[in-house]
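Worksheet: one structure, shown below.
The values are calculated or read from the model by the stated rules, or taken from the named source; none is laboratory data. Here the structure is a predicted model, which is why all the values come from computation and not from measurement. All Cβ positions, glycine included, derive from the backbone under ideal geometry; neighbour counts span all protein chains shown. Quick note on the areas: whole protein, heavy atoms, side chains included, nothing else; ligands and nucleic acids left out. Shrake-Rupley method; radii C 1.70, N 1.55, O 1.52, S 1.80 Å.
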Amino acid sequence: MRRKVVAGNWKMNKNIHETANLIAELRERMKDFKNQVDIVICPPYTSLVVAKSLIKDSPIKLGAQNMSQYDDGAYTGEISAKMLTAIGCQYVIIGHSERRQFFKETDELINAKIKKALSEGLTPIVCIGETLNEQEAGITDKIITTQVKGVLHELKAAEVEKLLIAYEPVWAIGTGKNATPEQANQVHKLIRKQVGQIYSWQISEKLIIQYGGSMNAQNASMLLSQTDIDGGLIGGASLKADLFMAIIQAGAEASG
Ligand code: PGA
């Protein structure tokens with residue numbers, strides 16, 4: 001059975017002091033946590049070093065929200081995969097829809113970033129998802145299959161085994177409108193089937209596919225108990241310890 005992975009995408013929220021407070025609150029609530037779920041937090045770059053020291057000896061793992069496709073050099077404002085591993089980051093979100101929308105990231109660039117992340121030993125959380133227009137036009141499946149093909153281009157089977165996919169319908173992100181559990185599960189099945197066709201059924205059966213988009217304390221149980229939903233990428237609700245913990249608990253219960 002696949003382990004559930006619940007990851008908090010803090011986006012451009014929480015300065016270094018607020019980071020320390022939120023981690024302290026999370027740790028307090030995790031005292032009796034039995035480790036049934038993998039927990040990741042992805043604070044902004046400026047908080048990563050401090051977060052790493054504050055999560056020591058806790059079940060929380062550290063991720064970044066983005067990285068460069070380059071190793072080093074004259075790329076003002078960028079952060080490399082090597083810089084992330086040097087501070088103990090294990091995960092990195094790649095291709096979030098906000099990066100696609102506001103920073104014009106393409107499947108091709110996302111593919112290059114995934115390859116770089118994997119070559120440095122980071123675990124990419126690769127985001128895909130259709131926009132509202134695409135959903136309304138009834139082309140969700142076409143968009144998803146195009147994105148899966150694009151982001152996984154020329155990745156070897158051994159590499160695909162090391163990444164996670166997050167299905168995040170863009171119309172559900174930060175809007176309070178989540179996909180219904182059945183709707184989301186159907187897309188997850190589609191992704192799994194496609195990965196199975198490109199690679200193998202063994203690989204697709206092991207692939208962790210998270211759902212993201214207005215997951216909260218109320219809807220987490222229903223979403224996380226679907227057959228093909230293996231966790232969540234949580235934005236807004238990851239900024240409050242109570243709400244994030246409720247989702248983690250729902251993941252633990254859904255894991256049985
Ligand atoms: P949300 O964000 O939970 O606030 O909708 C999810 C995400 O963007 O990863």
Expressed as a percent, the accessible surface of the stretch 108-256 that is carbon or sulfur, using a 1.4 Å probe and the full set of protein chains, is 53 percent
Close lysine pairs (the stretch 106-256; alpha-carbon distance under 13 Å; 8 or more apart or on separate chains) counted at 7
Protection proxy (average C-beta count within 10 Å per residue), highest first, orders 241-247, 49-55 as 241-247, 49-55
Checked the stretch 1-47 against the a/c 1.5 cut and the a/b vs b/c comparison, axes a ≥ b ≥ c from its Cα gyration tensor; verdict oblate
Expressed to two decimals, the stretch 165-206 has a Cα Rg over Rh, using the Kirkwood radius, of 1.08
At R0 = 22 Å the Cβ-Cβ FRET efficiency linking Asn35 and Ala86, nearest 0.05, sits at 0.25
Among Pro44, His96, Thr106, the residue whose Cα sits farthest towards the positive end of the charge dipole of the stretch 32-107, when +1 is placed on the Cβ of each Lys and Arg and -1 on the Cβ of each Asp and Glu, is Pro44
Note to self: with every protein chain in place and a 1.4 Å probe, the chain gives an accessible area per residue in Å² of 46 Å²
For the stretch 16-59, the percent of accessible surface on carbon and sulfur atoms (probe 1.4 angstrom, ligands and nucleic acids excluded) is 52 percent
Of Thr123, Thr106, ordered by accessible area with the largest first and a 1.4 Å probe, the sequence is Thr106, Thr123
For the stretch 1-115, the dipole about the Cα centre with charges only on Cβ (Lys and Arg +1, Asp and Glu -1), to the nearest 20 debye, works out at 420 debye
To the nearest 20 debye, the chain has a Cα-centred charge dipole, built from +1 on Lys and Arg Cβ and -1 on Asp and Glu Cβ, of 380 debye
Debye calc, one equal point scatterer per Cα of the chain, no solvent, log10 I(q)/I(0) at q = 0.08, 0.13, 0.14 1/Å comes to -0.28, -0.77, -0.90
At the level of C-alpha centres, the distance separating the stretch 1-53 and the stretch 130-194, in angstrom, is 25 Å
The simple spin-label model distance between Tyr70 and Ser225, using points 7 Å out along Cα→Cβ, in nm, is 5.0 nm
Taking a ≥ b ≥ c as the square roots of the Cα gyration tensor eigenvalues, with a/c under 1.5 meaning rounded and otherwise prolate when a/b beats b/c or oblate if not, the stretch 131-256 comes out oblate
Stokes-Einstein D for the stretch 75-140 (37 °C, 0.692 mPa s, Kirkwood Rh from Cα pairs), in µm²/s, comes to 251 µm²/s
So, relative contact order of the stretch 188-256 in percent, Cα under 8 Å, 6 or more apart, is 30 percent
The local net charge around Gln197, scoring Lys/Arg +1 and Asp/Glu -1 for residues other than Gln197 whose Cβ lies under 14 Å from its Cβ, equals +2
quick note, the stretch 54-212, DSSP beta bridge pairs, % antiparallel (nearest 5) is 0 percent
